[in-house]
Every structure is written in C-alpha cells, then in structure tokens.
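The values are calculated or read from the model by the stated rules, or taken from the named source; none is laboratory data. The structure presented is a predicted model; accordingly, all values stated were derived computationally and were not measured. As a convention, Cβ positions derive from the backbone with ideal geometry for all residues, glycine included, and neighbour counts pool all protein chains shown.
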Amino acid sequence: MRQIDILVLSDLHLGTYGAHAEDLNNYLKSINPKTLILNGDIIDMWSFKKRYFPKAHWDVLKTLLEKLLSGTVIYYLTGNHDDRLRKISDISIGQFHLADKLVLDIDGQSHWFFHGDVFDASINHSKLIAKLGAKAYDLLILTNRIINRIRIKLGLSPLSFSKKVKKNVKQAISFISDFEETAIGIGIENKYDYVICGHIHQPTMRKVHKSQGSITYMNSGDWVESLTSLEYTNKQWKIYNHLSEQLTDQTTLINKSSSEYSLT
C-alpha cells in the first residue's frame with residue numbers, strides 16, 4: 001500500500017451512471033493517505049431522483065469511512081452537485097471536516113482548496129439549466145459507455161464523446177480558460193502559493209507568472225472520464241492517472257506549453 005501525505009479527489013459523481021466507482025475503490029484500497037481532501041461533487045445529489053446508487057458506489061463510501069476510522073483526516077469541501085451540504089458546512093466531527101473551502105499551510109506554502117463552481121455563471125444564474133445540462137451529460141456518458149463496449153468487442157479503440165465536444169466547441173474551450181484564469185487571478189491577489197480546484201473535469205498542474213505575482217494552479221480532474229487525482233508526498237505534488245497508472249510531477253508539466261498542461 002502506497003503511503004501518501006495528502007490526496008485530493010474531486011468530481012466522483014457517485015450516484016450517476018458515469019461514475020467509475022469500482023476503479024476508484026480499487027485505487028483507494030491501494031493507498032494510505034494521511035490527509036484526504038474531497039474537493040466537491042462527491043455524491044451527486046442532483047441525481048438522487050433516479051434512485052441509482054449501486055453497491056459499487058456504496059463500497060466507495062465504505063472505504064472512505066474505513067480510511068477515516070484508521071486515522072486519515074478527511075476534509076469534504078462542497079461542490080455544486082452536493083451543494084445541499086452547504087447548509088450545514090463548517091462543522092467538524094473528530095477527524096472529519098465539512099466546509100466550502102480550505103486553506104492549508106503545507107511545508108511553508110499556502111494552499112487554497114475549493115471546488116470552483118462559484119465561477120460558473122450557468123450555475124449561479126440559472127440552476128435549472130445547469131441541472132438539465134448535468135442530466136444531458138450523464139446520458140451522454142451512459143451512451144458513450146454502451147457504444148464503447150460494442151467497439152471493444154469489435155476490436156476497436158474506445159472513444160470519448162464529451163472530450164471531443166470539449167476540444168471542438170469553442171465555447172467549452174473558452175469556459176475552461178476563463179475558469180482557470182479567474183482562479184489564478186484571485187489566488188495571486190490573495191497571495192496564495194497554490195490554488196486547487198475541481199469542477200471542470202480537467203486534470204492540470206501549471207506554474208503561472210503574471211505581473212502581480214506567481215502561483216501554481218492545479219485541478220484534480222474527475223472520476224467520470226479522466227480518473228485522476230492529486231497526490232502530495234515528499235514535498236512534491238503529482239497528478240495520478242488511473243487509466244495509465246502513472247504519476248506526473250510538476251517539473252515535467254511546467255516545462256510544457258500551455259496547450260499541453262491538461263492530461264485529458
């Protein structure tokens with residue numbers, strides 16, 4: 001079992017067809033984090049009406065509870081899909097902490113963790129549209145999974161419909177760029193060394209230099225498509241990619257061009 005100082009997971013979307021619960025549970029059982037930060041959209045409360053929460057999803061919650069009881073400190077930061085928890089946020093029960101955001105000093109550097117949906121205008125101004133979009137996305141993922149099962153049986157490689165949409169629709173590319181720039185700008189303004197988000201399902205790690213200052217922006221990705229997390233051990237952050245079972249460190253990423261920062 002690998003020992004990890006800090007693990008960051010976001011956008012598990014448990015309770016939806018797209019969640020890779022079995023992969024996630026296998027990953028969690030292979031590691032032992034001292035601190036676990038669940039950075040939003042862990043349980044998809046927007047989808048509870050479908051009454052879909054299979055055993056594999058419950059197994060993930062059971063494993064998280066086992067980690068907590070064995071000594072892991074868990075911070076559950078709320079996202080837009082589990083925003084009902086914001087009514088009771090800022091509570092602590094033993095080593096479990098529920099909050100909307102988190103600032104930690106890690107080896108002398110300030111880290112600002114939050115989900116990031118506060119920057120999403122579609123959620124803030126029209127929650128109904130956002131929920132309809134989430135349902136359409138879940139249907140797209142389900143359809144994608146069925147088609148890929150057929151493609152694999154035919155000896156063809158799997159495809160990701162949603163990734164193709166993100167890469168080819170200018171509005172989607174612009175949204176991701178605007179989201180990251182906003183998080184970076186506010187992080188620099190508040191003099192944080194790191195800003196860590198979720199929400200946009202784009203695993204990323206990059207050092208940014210602006211006239212106002214410098215910051216490292218990171219995004220933990222998701223467990224619907226990318227199957228990624230952020231791991232901190234031996235004073236170094238890395239992106240873990242479950243699909244390739246590889247760890248990518250910051251030094252490798254910050255030397256790439258901005259178009260290569262995302263691992264999706």
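Observations on the structure shown:
- Residues (under 13 Å from the mean Cα position of the chain (by Cα) and aliphatic (A, V, I, L, M)) located in region 196-211: Ile196, Ile200, Met205
- Selection from region 195-243 of residues that are out of contact with any strand residue (DSSP E or B) (no Cβ under 8 Å at 6 or more places or on another chain) and closer than 17 Å to Leu28 by Cβ: Val224, Leu243
- Trp46 meets each of the listed conditions (1) assigned to a strand (DSSP E or B); (2) within 19 Å of the chain's Cα centre (by Cα) apart from (1).
- Condition check for Ile31: under 17 Å from the mean Cα position of the chain (by Cα) and surrounded by 14 or more Cβ atoms within 10 Å (Cβ to Cβ): no
- Scanning region 45-97 for residues that are without any contact (Cβ under 8 Å) to a residue 40 or more places away in the chain, touching a helix residue (DSSP H, G or I) at 6+ places or on another chain (Cβ under 6 Å) and charged (D, E, K, R) yields Asp59, Arg84.
- Single residue of region 191-242 satisfying the filter (of a type in the set (Gly, Ala, Ser) and in contact with a Ser or Thr (Cβ under 9 Å, 6 or more places away or on another chain)) that is farthest from Ile106 (Cα to Cα): Ser226
- Residue, surrounded by the fewest Cβ atoms within 10 Å (Cβ to Cβ), within region 1-16, restricted to residues that are at negative phi, under 17 Å from the mean Cα position of the chain (by Cα) and touching a residue at least 60 places away in the same chain (Cβ under 8 Å): Ile6
- Filter pass, Thr204 being touching a residue at least 12 places away in the same chain (Cβ under 8 Å) and surrounded by fewer than 18 Cβ atoms within 10 Å (Cβ to Cβ): no
- When residues of region 67-87 are limited to those that are modelled with pLDDT of 95 or more and in a loop (DSSP other than H, G, I, E, B), the one nearest to Pro33 (Cα to Cα): Thr72
- Counting the residues of region 102-137 that are exposed (fewer than 14 other Cβ atoms within 10 Å of the Cβ) and at pLDDT 95 or above gives 5.
- When Asp44, Asp59, Asp105 are screened for being of a type in the set (Asp, Glu) and closer than 29 Å to Asp193 by Cα, only Asp105 passes.
- Output for region 1-54, where each listed residue is touching a strand residue (DSSP E or B) at 6+ places or on another chain (Cβ under 9 Å), within 18 Å of Leu247 (Cβ to Cβ) and acidic (Asp, Glu): Asp5
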